[in-house]
Every structure is written in C-alpha cells, then in structure tokens.
Amino acid sequence: MNLFQFCYGLIHWLVILINHLWYWLGDVLPGALGEFFTDIGDLAASHGNIAVFAILLEVLIFVIIAFVNVLNFIWLDRKFMGRMFDFYGPYYVGYRIGGWLQNIADGMKLFVKEIMTPAKADKAGFLLAPVIFVGSSFLALSTIPLGSNFGVETSAHDTGVPGGALIAFAFFAIAPFSILVAGWSSNNKYTLIGGMRSAAQMMSYEIPLLLTVASVFLLAGSFSFNGIIDAQGDIWFAIPLFLGFIVFLVCLMAEVEVQPFDLPEAEAELVEGWTTEYSGMRFGLFMMTSYLRGYIGGALATALFLGGWHGPTLIPEPIWFLIKAYTVFVVIEWARWSLPRIRVDQILNLGWKRLMPLAVVNLLIAATFKTLGWF
Amino acid sequence: MWINMGPQHPMTHGLWNLRIKVDGETIVDAEPEVGYLHRGIEKLCENRTYTQIIPLADRLCYASSLTWSHLYCLTVEDLMGLEVPERAEYIRVAAIEMQRIASHLMWLAAYAADLGTLVGFIYAMRDREVFIDLLQALSGSRLTYNFPRIGGVAHDVPPNFERDSLRACTYMEKKLDEYERLFEGSKVFMMRNEGVGILKKELAMNLGVTGPPLRASGVKYDLRKDQPYSVYPELDFQPISLPDGDCYARYKVRMDEMRESCKIIRQAVQKMPKGKWRIVAPRNGPVGTGIGRVEDPRGEGMMYIVGNGTPKPYRLKIRSPIFVTVSAAKQMLVGYKVADVVAIMGGLDMCIGETDR
Amino acid sequence: MSEERVIRALLDAFPTAVTDYKKLKAGVIRARIERRELYRCCQFLRERLGFEHVSMISAVEYDDRFEIVYHITCYGSCLLLELITQTPKDDPSVDSVSSIWGGANWQERESYDLMGIKFNNHPKLERILLPSDYLYHPLRKDFKG
C-alpha cells in the first residue's frame, strides 16, 4: 500500500467525521444558510480537497522523520568526534541513553537567547536568508523517498514527485544564494568575505556533482528516484561508477561545508564566517540546516549509488535506507575530523582542475557501459 | 582596505592587533600592534627585593615560565658572582627541558587548531598533561612554578622522579612519531605549509629574529650550544636547523627540538650528582651589572640588571624574543593570501605576556 | 675571531671615542664609546667585524646621565659585545641604528616610549607599548605612578 493511499484514507476518515457536523447544521438551519453548510460538507469530501490534505500530511511525516534524524545525526557526530579525540561525547544529559538529550538541551538554550539584529543590516535580506536556506533544504528533503511505497506521491499509482532527482538537486542548489544574502546583509566585512568565499566554493563544486549525477541518470534511464533504484536491482551503481562515487562524496563535503572545506566559516580567521551576526534560534536554524543538508547528501548518495532501499527483506525498506545514509555520513565525519582546512584558492583549484576532469571521465565510462548494453 | 585582525580574535593567541592591507585576497602591507597587555613589570621590579621578583618573572611568559625565572636567577647570580651547586644545575636543566616540551606542545595544539585539525589540539594537550604533571610533582603548580631560587632551586626532587621522567620521555618519543604521521602524512597540511611565509637567511639575521624561526631559515645558532650556560656543555645534543625558511621548516624545527629535549632530559636525570640543591644568596646586591642569556622556546631571552648595593635592583631590562620577531611580520606576510596569516603568525608562536611585559 | 682582536680593531678604528674596554667573561666584551661616533662604530661592527644581530638596547637612568647599552652578537664567532654610550641628563638623544640592523627598530621605540630617549633619524618614533596620547615616561626615576 502506498503512503499516499494511507494518508488519503486517514484524511478521508477525518473528513467524514467532521462532515457529520456540517450536514447536521445543513439540516437544522433553514433556507440559504442551510444550503451553505451542505455545500461546505460536499466540498470537504471532494477528491481534490482530500488529496491536497493528504499530500500535506505526507510532507509533515517526512519533516518529522527528518527532524528526528537530524537530532540523531548531531548526536552521532558529537559522539564519533569524541571517540576519535579520546574523550566521551555528550555524556550527562540523558545519562542512560548515552547523552542523546544533549541536543534538546542545546536547542532550548538557543531558544532563550536574545535575538539581535545589527542596526545597519539590511532587514529584508537579514530576515529572509534563514528562511530561504531552511525552506529550500526541506523542499529538497521531501522529494526523496525512503522506500518503494514510502515517499511523497501525488496519487495511488504515481511514483514520487515529477522530476524526481532533478528537482531534489535543484532545491539543494538554492542554498548558495541564501548564504550570499546572509553574508552581505549583515553589514560586516568579515561576513561578506565569508559569504563570497562560500558562494564561490559551492558554485565550483556544483558542476562535478551534477556531472556525476548525469552519469547515473544515463545508466538508469530515468529521472525519478524509483526508476533509479529499480535499475540498481542487480548491482549497485557505486561499483561500475566507483570514480563517480568518490567524486560525488568529495563534492558533497564541499557543498555541505564540512572540514576540510569549511573555509567560509573558518573560526580561526573569520570568527564564524557568514553566520557571525545571527544569534539565538536563527543561528540554531543555520546549524540544524547544515546537518540537514548532510542528511540530504547522505540520502542522495544512498539513492543514487548505494542501491537505495534494496536489502535483505527481514529489515523494512526505510530502515535499510536510513542505515546506508548513516554509513555515508559516518564516512564523511571520519574524513572531516582528520584533515586540516584547505585554503580557498586551493579549494577552487581542486574543484575546477581535478574534480571536473574526473567527472567527465566518469561520464564517458557510463556512456561506454550504456552502449555496451550492460545496463 | 585595512583590515584589523584583532585584538579580539580567535586566531591571535593573546591580545594583539594585526593590521593588514589587502588587495582582493592578497596581502599588500602589514603592521602588528602590541601593547594591550603592558603591565609595567620593569618598573615593578625596582620596588621589590631580589627574591620577590622571581614570581614576577614567571608571569612574563606564562606558557614557558620556568625559562624566565631561570633567566632571572642566572642574571642575578652573574651580578652577585655566585657559584650554584651542581645538583641544582642538573635539576634546573631537567625542569627547563620539560618546560620546553610542554611549551612546544602548546604551540602545536594552537597551530593545529588554527589550521583546522582539532584532532591535533586534543592530542597535543593530552600529551602536555604528562609533563605538566611531572612539573607539578616537582614544584607544586601547573603553570607558573616559582621554582628556581637565587643560588639554586627551591627544594629537592620528589621521590621516583627519575623513573617517572624516563617513562615520560619514552612515551613522548612514541607520540612524536604518531604526530609526524598525522601531520606530515596529510597532503592538505603540507599544501598549507610548504612554500608559505618564506623568510630568507640574511633578512632573518638582520631583523633580529631568533629561535626556531631563525634556525628554520638556515642559521645554525642555538645559545645552548654556542654560548652555553648552566651544565649544557656536559650534555650531548644537536641544534636543529633547516634551510628553507617556510612554515613547514619552522614546524619541523620545533618537532625535532622536542626529540632533542627528550634526550637531554634522559641524560640530565641520570647524571644528577648528589649534593646540596641551594646556597643562600646575600641579601644586598653589589654595585655593578649582570647579564643573563638563555635559549627560550621562542628565541633568545636576555636580561640586564643593575645593582646599587640595596636589597632591590636599580634597573632590570628584559629582552623578549617575540617582541623583535613580530616586528618582522611585514616581510613574512607580504605577497601571501589572507588565509596564510594564520599559518605564518602561528608558526612564530606568539606569547603576548613576554612581548608586552 | 677572539675577544682581543675585536678590542684591538675597535681601538684602531676609533682611537679617541672608545673610552673603556674590558673582557667580562668568556665570549663577552664591554666597551664604552662616545655618542658622537656611535653610528659609525655600529656600521664598522656590522660591515667589518661581522656582528649581525643586535640583541638588546637598554636605557638606564643614573643621577647625572642616561646610559644606553647595546648588546650586539656575532653569530660566526659566538661573541657578545656590550657597547655603552652615555648622554647628559637634559639632552637624551642618540643616533638611531635601525638602518643598520632592522631588529633595533622596535627596541628603540620601546626605549623612547618608556624612558624618553630620542633616536635621531628613526623611521617611525612613536609610542609602542603605551597609548599614543600618554604624557609621561614611566621608567624615569621621577615618575612615581
């Protein structure tokens, strides 16, 4: 059974329950008023209305899953970092479950901090930048299905958002725009430098990223996630497209701005980079979205290269998908805490001169495989 | 456009300001500004007796405080013409070399953290604890020790000191190999450090740069070997010098110096003779002058004292190595990118306590 | 190059200006020189005798004079020369040696800042450790805080 059918059924049941009220009012009240309420009841029970609410409910479910996963990611990040550095991670808050409640404590702390807006900042840009950043990340997130029946769909037989992976990457790539707006509108020399560096870095790593994704589209023959994952039934795309997988991971680290690519928010030079002037929960939103984008990246890597939700049938499909996404995240974290920061001109050097030729070679390999008829 | 990096900045360890003029991302001009931590120590010393100045000298550079109080005691012993017993000299040398390793480890921690490897920070601080514990057993405190006295040291070594120091040296030599694999095995670290901040030999000598930056530019001059003091003539070690003059050379010089310090600690602790550890110094300083020079972990430290027959010195002048090295910042920074400022200034190992006095 | 050779060379080059000399201990020499010949003497030390590095420039105030003490090092022969000049109390000014040794630049600024010694021909004689609008020179004996 589809997620859409499940949500449709739920909303349908709810609407029937509330329609009892409208129809009763329609019977009791005289004349035109009564007809008004009967019309409302009919409108509520129509297919289009229920479908819209069903889709909203699906997106809500995905957002809740994303929030829980982000909390898990932050906890995992801090524990893993702690163990690599020879200390315990979060320990006391939530003592018996290994310090998982530390994130909630940090979130509450950020909520009660004073939110300051610099006097000369550009108000519209300053207030809009977090909204765009978070909004585009959630949009990208909601297009990725977690199982063959568990994704945001628009009808009982549809398989996912039209456009699939292409829409996901398009939303993913709106972020540099919001970073630039945030850096510029804070009215601060340092944040401006940080924002520009970030925009340059993200732009130059989009291209190898999209080239590797293009090679996956070529092999799979379709844009939608379900099509790509079904094409990986025999063999995961990471094995023939190994070069592409590595390039994808490196570009992902540059897009999500983890060390070694986190020069835009390098503490040692620019205090906190483009988020310097943000305080309180606005800053918390930026931090959370950074981890959310890490999750999205891991999910995309799983869907495109690691076979999505294919796995032994004892574990339900979404769990298998999440396990693979977490593994990709752990590998990224491992690289993150071991390597120093790369200087900005060396980052751009790496993106344009080394990764792009490799991505093109990968595309050629994919084209070869396709013409040989192995896929 | 002039950018102010500091005085409140995570990169600047201590309180100083670096004004740089940039053209895009390239540095065109640089001007460091110090003086935010000036405490007037030289004037304070004119109102205290000779023994009361020892804790003040500790607080000159709080990252390597034993060196400065030892330097002060050497200067006063030169003024008074005292002969320090041998056991005291060996204890002083062992403690100073442990302090040198602790200071270099603190430098490594800050340097690694600035470059982005938080791993290096945690590991270096963890290993520094080993030596800080030893020094705590020796003198009673962890950061400013107040341990040397005019005429020797404050008290004898604690029991099992020799066994613990030998264990610490073995541990440190293993860890140094691990650090070399962690840092030099990482291509990113080498990219950030090689060829960055080159300081040529002639310029280094003229500008008054001393210590590891000078030895990394090709001048093989170490005060412990070339103008030896204390019992250094009887100990066997090599000064390290590399010809390149870039940040990687400065890093390598300090790592190898830590290895040499382990060797010195081993010899000092094993050769320590029995005997007195302190002689009582006279109360009044004679009329005259005295000089002391040591090889501080950061360069050449020097003191000049003038006595006038009273229990308090007439004038004490302190030469701080970083004060002169940082004035050479302009030559090292011009032509490199803003992101290199961290690597270059971090490689100089600034401690503002001794710069501003 | 031994200590005696340095003293011999100084006496030969500046017979009237060097007023006193003494070998303090192994590798350390002291010489007194008159302030009118200081700049030429430092040039001579650097170019002829090879003293590449000025370690410390101190200023001491006595009852009737200021004394400025230069400690100059020779890397090649591991020698330290303590060169002392004195100036009268009402005119504490000396020629600057920062064009000979770049390392003297900030040290002379510090002596100006704390003790009030003026260095002629210094490229930028400003206060360095104290705020730039401070009125006094704290290390002088008549400054009681």
Of the residues in region B:214-250 that are touching a residue at least 60 places away in the same chain (Cβ under 8 Å) and outside any helix (DSSP H, G or I), the one that is nearest to the other protein chains (Cβ to nearest Cβ) is B:227
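Which ones in region A:303-338 are assigned to a loop (DSSP other than H, G, I, E, B) and either at pLDDT 85 or above or not hydrophobic (A, V, I, L, M, F, W, C) (or both)? Lay out the reasoning, then the answer.
The initial filter retains those residues of region A:303-338 that are assigned to a loop (DSSP other than H, G, I, E, B), namely A:306-316.
Listed by number, the residues that qualify are A:306, A:307, A:308, A:310, A:311, A:312, A:313, A:316.
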For residues in region C:88-127 being assigned to a loop (DSSP other than H, G, I, E, B) and small (Gly, Ala, Ser), which is nearest to the other protein chains (Cβ to nearest Cβ)?
C:103
Scope region C:30-86; condition surrounded by fewer than 23 Cβ atoms within 10 Å (Cβ to Cβ), within 9 Å of chain B (Cβ to nearest Cβ), touching a Lys or Arg at 6+ places or on another chain (Cβ under 6 Å) and not charged (D, E, K, R); matching residues:
C:60
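Considering region B:148-172 alone, what residues qualify as being in contact with a Leu (Cβ under 8 Å, 6 or more places away or on another chain) and either within 19 Å of residue B:59 (Cβ to Cβ) or not in a helix (DSSP H, G or I) (or both)? Walk me through how you get there before you give the answer.
So in region B:148-172, the residues in contact with a Leu (Cβ under 8 Å, 6 or more places away or on another chain) come out as B:148, B:150-151, B:157-158, B:161, B:164-165, B:168.
Matches in region B:148-172: B:148, B:150, B:151, B:157, B:158.
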I'm told residue B:145 meets every condition in (1) part of a helix (DSSP H, G or I); (2) in contact with an Asp or Glu (Cβ under 8 Å, 6 or more places away or on another chain) except one. Can you identify the failing condition by its number?
(1)
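With the requirement that a residue be hydrophobic (A, V, I, L, M, F, W, C) and either crowded, with 18+ Cβ neighbours inside 10 Å or within 12 Å of chain A (Cβ to nearest Cβ) (or both), what does region B:153-175 give you?
Residues of region B:153-175 hydrophobic (A, V, I, L, M, F, W, C): B:153-154, B:157, B:161, B:166, B:168-169, B:172.
Scanning region B:153-175 gives B:153, B:157, B:168, B:169, B:172.
For residue A:260, indicate whether it is at pLDDT 80 or above, assigned by TED's automatic domain parsing to the domain that holds residue A:350, at negative phi and assigned to a loop (DSSP other than H, G, I, E, B).
On the way: at pLDDT 80 or above: no; assigned by TED's automatic domain parsing to the domain that holds residue A:350: yes; at negative phi: yes; assigned to a loop (DSSP other than H, G, I, E, B): yes.
Judged against the criteria, residue A:260 is not a match.
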Hits in region C:83-120 - residues which are closer than 19 Å to residue C:50 by Cα and out of contact with any strand residue (DSSP E or B) (no Cβ under 6 Å at 6 or more places or on another chain):
C:97, C:98, C:99, C:100, C:102
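Look at residue A:120 and say whether it is part of a helix (DSSP H, G or I) and more than 22 Å from the chain's Cα centre (by Cα). Can you show your working first?
Working: part of a helix (DSSP H, G or I): no; more than 22 Å from the chain's Cα centre (by Cα): yes.
Judged against the criteria, residue A:120 is not a match.
Looking at region B:179-213, which of the residues that are assigned to a helix (DSSP H, G or I) and within 14 Å of chain C (Cβ to nearest Cβ) is surrounded by the most Cβ atoms within 10 Å (Cβ to Cβ)?
Going residue by residue through region B:179-213, those that are assigned to a helix (DSSP H, G or I) are B:179-184, B:187-193, B:201-207, B:212-213.
Add one more test, that the residue is within 14 Å of chain C (Cβ to nearest Cβ), and what stays is B:201-207, B:213.
Working: B:201: 13, B:202: 12, B:203: 16, B:204: 27, B:205: 22, B:206: 20, B:207: 26, B:213: 29.
The selected residue is B:213.
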Find all pairs meeting these conditions: Cβ atoms under 9 angstrom apart; at least six residues apart or on different chains; first residue within region A:236-263 and basic (Lys, Arg); second residue surrounded by 22 or more Cβ atoms within 10 Å (Cβ to Cβ).
none
Sort out which residues of region A:339-375 are more than 30 Å from residue A:148 (Cα to Cα), part of a helix (DSSP H, G or I) and of a type outside the set (A, V, I, L, M), and write them in order of number.
A:345, A:346, A:349, A:351, A:352, A:353, A:354, A:357
List, please: which pairs have Cβ atoms under 8 Å, are six or more places apart or on different chains, and start with a residue in region B:148-170 that is farther than 28 Å from residue B:256 by Cβ and end with one that is in a helix (DSSP H, G or I) and acidic (Asp, Glu)?
B:150/B:77; B:151/B:77
Since residue A:33 meets every condition but one in (1) over 23 Å from residue A:280 (Cα atoms); (2) at pLDDT 85 or above; (3) among the aliphatic types (A, V, I, L, M), which condition does it not meet?
(2)
Flagged in region B:300-312 as at the interface with another protein chain (Cβ under 7 Å from one of its Cβ atoms) and either among the β-branched types (Val, Ile, Thr) or under 14 Å from the mean Cα position of the chain (by Cα) (or both), in numbering order, are B:300, B:302, B:306
Could you run through region B:313-349 and say how many residues are within 13 Å of chain C (Cβ to nearest Cβ), touching a Lys or Arg at 6+ places or on another chain (Cβ under 8 Å) and not in a helix (DSSP H, G or I)?
2
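Quick grid of which residues meet (1) within 21 Å of the chain's Cα centre (by Cα); (2) under 24 Å from residue B:14 (Cα atoms); (3) at pLDDT 90 or above:
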{"site": "B:112", "(1), (2), (3)": "yes, yes, no"}
{"site": "B:115", "(1), (2), (3)": "no, yes, no"}
{"site": "B:118", "(1), (2), (3)": "no, yes, no"}
{"site": "B:123", "(1), (2), (3)": "yes, yes, yes"}
{"site": "B:128", "(1), (2), (3)": "yes, yes, yes"}
{"site": "B:145", "(1), (2), (3)": "yes, yes, no"}
{"site": "B:163", "(1), (2), (3)": "no, no, yes"}
Could you check region A:42-59 and list, in sequence order, the residues that are over 19 Å from residue A:142 (Cα atoms), of a type in the set (A, V, I, L, M, F, W, C) and in contact (Cβ under 8 Å) with a residue 12 or more places away in the chain?
A:44, A:45, A:50
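May I ask you to list the residues in region B:125-153 that are in contact with a Pro (Cβ under 8 Å, 6 or more places away or on another chain) and farther than 15 Å from residue B:68 by Cβ? Explain how you work it out, then say what you get.
Going residue by residue through region B:125-153, those that are in contact with a Pro (Cβ under 8 Å, 6 or more places away or on another chain) are B:137-138, B:144, B:146, B:152.
Correct list: B:137, B:138, B:152.
Out of region B:116-136, which residues are within 9 Å of another protein chain (Cβ to nearest Cβ) and surrounded by 21 or more Cβ atoms within 10 Å (Cβ to Cβ)? Step through it out loud before you land on a result.
Let us first name the residues in region B:116-136 that are within 9 Å of another protein chain (Cβ to nearest Cβ), namely B:116-123, B:126.
Result: B:116, B:117, B:120, B:123.
Kindly indicate whether residue B:79 is away from chain C (no Cβ under 14 Å), over 30 Å from residue B:137 (Cα atoms), touching a Gly at 6+ places or on another chain (Cβ under 7 Å) and surrounded by 17 or more Cβ atoms within 10 Å (Cβ to Cβ). Steps first, answer last, please.
Details: away from chain C (no Cβ under 14 Å): no; over 30 Å from residue B:137 (Cα atoms): yes; touching a Gly at 6+ places or on another chain (Cβ under 7 Å): yes; surrounded by 17 or more Cβ atoms within 10 Å (Cβ to Cβ): yes.
No: the conditions fail for residue B:79.
Identify the residue in region B:7-36 that is in a loop (DSSP other than H, G, I, E, B), under 25 Å from residue C:106 (Cα atoms) and free of Cβ contacts under 8 Å to residues at least 40 places away in the same chain and, among all such residues, is nearest to the other protein chains (Cβ to nearest Cβ).
Taking region B:7-36 as the starting set, the residues that turn out to be in a loop (DSSP other than H, G, I, E, B) are B:7-16, B:24-25, B:34-36.
Of the ones still in play, those that are also under 25 Å from residue C:106 (Cα atoms) are B:7-9, B:11-16, B:34-36.
Then drop every residue that is not free of Cβ contacts under 8 Å to residues at least 40 places away in the same chain, which leaves B:7-9.
Numbers: B:7: 13, B:8: 9, B:9: 7 Å.
Across region B:7-36, the extreme among qualifying residues is B:9.
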From the options B:39, B:100, B:87, residue that is in contact with a helix residue (DSSP H, G or I) (Cβ under 8 Å, 6 or more places away or on another chain), in a helix (DSSP H, G or I) and in contact (Cβ under 8 Å) with a residue 24 or more places away in the chain:
B:100
Exactly one of these conditions fails for residue A:179: (1) closer than 21 Å to residue A:263 by Cα; (2) surrounded by fewer than 18 Cβ atoms within 10 Å (Cβ to Cβ). Give me its number.
(2)
Scan region A:166-177 and tell me whether some residue there is in contact with a Phe, Trp or Tyr (Cβ under 7 Å, 6 or more places away or on another chain) and either free of Cβ contacts under 8 Å to residues at least 40 places away in the same chain or of a type in the set (Val, Ile, Thr) (or both).
no
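The values are calculated or read from the model by the stated rules, or taken from the named source; none is laboratory data. Keep in mind it's a predicted model, so treat the numbers as computed, not measured. Cβ atoms come from the backbone with ideal geometry, glycine included; neighbour counts cover every protein chain shown.
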